[in-house]
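Reviewing the structure listed below.
Just so it is clear, none of the values below were taken in a lab; they were calculated from the coordinates. Predicted model, so just to flag it, every value in this text is computed and none were measured. Using ideal geometry, Cβ is built from the backbone for each residue, glycine included, and neighbour counts are taken over all protein chains shown.
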Amino acid sequence: MKKLLEHLRSTRQDKGISQDYLAVKLGVSSSTISRWESKGKFPSIDKLFEYASLLDFTVQEVLAFSANEPTEVSKPVGKIEISAYDKASFKRLVEQLLEEEDGHIKFVTTQLQ
């Protein structure tokens with residue numbers, strides 16, 4: 001997917017379309033477009049197809065480009081377990097962790113009975 005996003009960025013630049021313009025059309029911030037194009041933070045599938053469509057890519061082209069990219073499977077480098085002793089603390093911890101999540105963390109919650 002990174003190569004697809006790089007290709008979309010290159011096409012956007014070649015067409016003289018700014019990130020700000022694209023952000024308005026997609027209903028996101030320009031910093032979101034920047035994260036998609038440079039930091040590998042992937043858009044939702046509907047936003048990806050909207051993005052590609054604005055640059056005159058067909059759904060078939062996007063799928064074909066994506067299918068030809070090698071799939072990278074990353075291995076975890078660590079695991080953290082956090083215990084909370086009341087429901088309010090547990091909920092607060094979950095909310096804080098979800099706010100900090102950056103796409104590189106697999107977040108799993110287990111609520112004990």
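Worth pointing out:
- Stretchable slack from Leu54 to Lys3, in nm (0.36 nm times residue separation minus alpha-carbon distance): 16.6 nm
- Potential extension, Lys41-Ser89 segment - 0.36 nm per residue separation minus Cα distance: 14.3 nm
- Restriction of the trypsin sites (Lys or Arg not before Pro) in segment 1-49 to DSSP coil positions whose beta-carbon has at most 13 other beta-carbons within 10 angstrom yields Lys15, Lys39.
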